[in-house]
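Working notes, structure below.
Where a number appears in this text, it was derived from the coordinates with a stated rule and is not lab data. Quick caveat: nothing in here was measured; it's all calculated off a predicted structure. Here Cβ is always computed from backbone atoms with ideal geometry, including for glycine, and neighbour counts include all displayed protein chains.
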Amino acid sequence: MDMNEIKEIFFQECEEQLAELESGLLKLNDGDRDPETVNAVFRAVHSIKGGAGAFGLDDLVSFAHVFETTLDCVRSNKLEPTQDVLKVMLKSADVLADLVSASRDGGGIDESRSRALVKELEALAHGEMPSASAHEAPKPAPKAAPAPAPVAKAEPPKPTDESGFQPIPFTFDGFGDDEEPALEGSVYEITFKPRRELYSKGNEAALLLRDLSRLGDMSINCDMDALPALDKMDPEASYFGWKISLKTVKSEDDIRTVFEFAEWDCDLDVKLAEEAASDEELPMIPVPFDLGILDEPSISEEEEKAVQSSADETVAAAVSAAETATSVAKAAGRASEKKESAAAAAAAAAQNNAAAAAAAAGQTIRVDLDRVDRLINLVGELVINQAMLSQSVVENDATGTSAVNMGLEELQQLTREIQDSVMAIRAQPVKPVFQRMSRIVREVADMVGKQIRLVTEGENTEVDKTVIDKIAEPLTHMIRNAVDHGIESPEKREAAGKDPEGTIKLSAKHRSGRILIELTDDGGGINRERVRQKAIDNDIIAADANLSDDEIDNLIFMAGFSTADKISDISGRGVGMDVVKRSIQALGGRISISSRPGLGSTFTMSLPLTLAVLDGMVVTVAGQTLVVPLTAIVETLQPEASAIHSFGASQRLISIRNSFCPLVDVGRVLNYRATQANPVEGVALLVESEGGGQRALMVDAIQGQRQVVIKSLEANYTHVPGIAAATILGDGRVALILDVDAVVAASRGQSMKPEMSLAATG
Amino acid sequence: MSSFAVKNLAQGSRELIAFRVGDQEFCVNIMSVREIRGWTPATPMPHAPAYVMGVINLRGAVLPIIDLSARLGMAEAEPTARHVIIVAQVKSKVVGLLVEAVSDILTITEENIQPVPEISSDLEKQYARGILAIDKRMICMIELDALFPEKESEAA
């Protein structure tokens, strides 16, 4: 595995961390104050920073560091995660995402933006509340944060415990030159208690302490209360804790940086001395401990030996048991009191917590998508093959009772099950796409100066990955539209008696084998007068056309339609809702709009759960076999001559329960035959098209109903109007899958223009 | 025109597959040929030009079958079991070319290729890339990419 591959994995993980980060921040934004949420957010940034550091991605590291620092203030309750604070953080998350993708794909990001955010973040970390104008560096605001800033004004150094200081000389070299100058140091009380994981990950408490000592004057006490009797001791466990008093000019973050890679594996508490003094201290007997000896290992003081061996023994089991035993026994002797049971209980609790967390995370593996796709293709072949086999057995064995037949039936069930399971592998929650939308709402709302809240629902609804990938673009477009055109400006909203903050709701749910995505805004709704006028201006409809409200609303899906008065940066760049509609249709989906003036609009998209298989009705039309998607069919009926009524020159209507429905001869629409078939000899499929209207599709006969594997026609051929895709039937021949909406549209008089890529140009 | 025809050829010798369409012989670069298989009935495509015979199932992929005779402006073929489908790669797509028979595999060098004579037919100008004289036969070298131009709009 070379470096690039490792880097690729890092970027993949970044994506996950960024998603985690954003969802955590959004949760906080919704008022969640669970410390675990804050931790998760912090962890996400921390991991990105850690990984980025390993790859030398300095921009990323420095931004992540500032972000992390601010998050840490939230974590330690120094900074109240108010809406304003979270707004900055969400923006920072966006910039972080930009930085990650810039690092991955090259290219730059908007540096002024990231610099401005760095300033804001730093200001937050220092206890300033964000100013109203988010893009400028905030002016110093009244200190609202409950705790003083980490780099506080000078504190007279004062010894905090009986051990006294052992001053250790240190230099300022090697520290960032961007440090804010602090006049004198403050005294921090640091409690550091490693857990066993710290040692098992190869960290070394002594080294951490030594690094810490370089920050300033430090006195250290070893807490050996947890040390059990020798016979009860686990050689790989961690029993020691340290209580450190550090006088330093560095900030608390610098202190925490020392423990950066050990932080998750130890209990760390850093506070200013005066706070610490007021806090109830843990019951422990301080053992004076001179850190200076760490630099000179030859000095073998007993305490030092105890510390060292304790650390060593846990890092590697290689340390001889005898030696360990002696030194620990000595240490044990010095510890006057043992709080064995308490420590054991705490350790057990910690382990339980860890186990619970691991269980919640679930077990997942990362699999290359190509492999999954290959598997899906193979299973698709298997299904076809099985169908072919069944068919030939049925042809040769009319009785249908043989053992072969029985076995085949079981095989059929098995293949179906395999197929379902394989499809499930690809199923993913729509969450990542929805999360991306929240960013778009934020950015666009900022740009147009609107206040908008995005509410998502059902983000764990699962759908095939290809569908997820492909809905992102149309959805983005619709969200932009909703923000730009849908929601009114705060002033207008207030004038209309609405909450100045607009709400966009994005929801997903499963309904009858499809996924239904709804986008609702509480804006002004479609301005039908304007839409109508625009449509007339653009020659989409005739000036005297008589249209229902619904029909007017649906005009926005027509090509070349954009209601925005001026072309803005956000939407109306010539790509309109017609593009959205086409991409949804390309996915086998439907989109419709319903709007109430003054109350807002709802876009409803219905998409197939998977693009790989489809339940279809196999029919015969003019000697050809076609598959009609079952989802489109409302009912099938055998028309009677009395129910067929001619309408105009060529149209025919069929009366179904006293309502009249246009009859569409599929064979005519697809040019399979020159004249219309006699409806009485065929079967009518009543279909509902996305426009809402019902049509009766005439076919010659129904062969049966079955699940078919969708094969792309476009891969080797081209898009054919009226045909959605192809499939391979049991006899090994290709059958075409009917695009019901296109056929219905054709029957409405909209022409089906053949787009021939294989056509001659000469 | 002729200089354009020749300059597309690589240096050195190359292999071509020769086949019969109607009473003429044509050849294409062997590198673009994936496989050769017998004729199976194709599913007709609606709204397709006459030379598209339909699509067949090639081990799970949908393969359009082109009647090369019709495509080259000759009579439409009436496929029989003796007809052959040349499965060829044309740009990013795979198509099946219906021909009467595969006649030869030729190894030729630049010198064997004669420029296409100046004739008025646009169709021929488009696809013919040279003429080979082999054993008193005339074999027209055609370029498949030119026969099936790919529209950019289809890429989306």
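Details
- C-alpha center-to-center spacing [the stretch B:10-66, the stretch A:1-73] in angstrom: 54
- Amide H contacts under 5 Å for A:Glu488: A:Gly524, restricted to partners 5 or more places along the chain or on a different chain, H placed in the peptide plane at 1.01 Å from N.
- Neighbour-count ranking [beta-carbon atoms within 10 angstrom, fewest first] of A:Met437, A:Met698, A:Met406, A:Met558: A:Met406, A:Met558, A:Met437, A:Met698
- Across the stretch A:430-608, the mean sequence separation of Cα contacts (distance under 8 Å, 6 or more residues apart), normalised by length, yields a relative contact order of 24 percent.
- For A:Val613, the residues 5 or more places off, or on other chains, whose built amide H falls under 5 Å of its own are A:Ile710.
- For the stretch A:227-272, the spread of Cα positions along the three principal axes, ordered from largest to smallest, is 44, 21, 11 Å.
- Under Karplus coefficients 6.51, -1.76 and 1.60, residue-wise ³J(HN,Hα) of the stretch A:731-744 in Hz, glycine/proline x: 7, x, 8, 7, 10, 9, 9, 6, 9, 4, 4, 5, 5, 5
- Anisotropy class of the stretch B:2-147 from Cα gyration tensor, a/c 1.5 cut: prolate
- Global form of the stretch A:3-125, assessed from the alpha-carbon gyration tensor, a/c cut-off 1.5: prolate
- The string of couplings for the stretch A:583-599 from the Karplus curve (6.51, -1.76, 1.60, θ = phi - 60°) is 5, 5, 5, 4, 8, x, x, 10, 9, 8, 10, 10, 9, 10, x, x, 10 Hz, one whole number per residue in order, with x for Gly and Pro.
- Cut-off under 5 Å, modelled amide H: who pairs with B:Ser103 long-range: B:Ala18, B:Phe19, B:Arg20
- Averaged over the residues of peptide A:718-726, the number of Cβ atoms from other protein chains lying within 10 Å of each residue's Cβ is 3.
- Likely footprinting exposure, A:Asp59, A:Asp265, fewest C-beta neighbours within 10 Å first: A:Asp59, A:Asp265
- Look at the stretch B:62-74: the mean tally of other chain Cβ atoms within 10 Å of its residues' Cβ atoms is 2.
- Across peptide A:730-740, the mean count of Cβ atoms from other chains lying within 10 Å of each residue's own Cβ comes to 3.
- Pairs spanning more than 25 Å between alpha-carbon atoms, out of A:Lys119/A:Lys492; A:Lys711/B:Lys93; A:Lys470/A:Lys534; A:Lys498/A:Lys534; A:Lys581/B:Lys91; B:Lys91/B:Lys125: A:Lys119/A:Lys492; A:Lys470/A:Lys534; A:Lys498/A:Lys534; A:Lys581/B:Lys91.
- Residues A:Leu713, A:Leu378 arranged by fewest to most Cβ contacts within 10 Å: A:Leu378, A:Leu713
- Per-bin percent of Cα-Cα distances, the stretch A:369-427 [10 Å]: 23, 43, 23, 11, 1
- Couplings 3J(HN,Hα) for the stretch A:23-32, derived from phi with the Karplus relation 6.51 cos²θ - 1.76 cosθ + 1.60 (θ = phi - 60°), are 5, x, 5, 5, 4, 4, 4, 7, x, 5 Hz, where x marks Gly and Pro.
- Prolate/oblate/rounded label for the stretch A:430-608 (Cα gyration tensor, a/c 1.5): oblate
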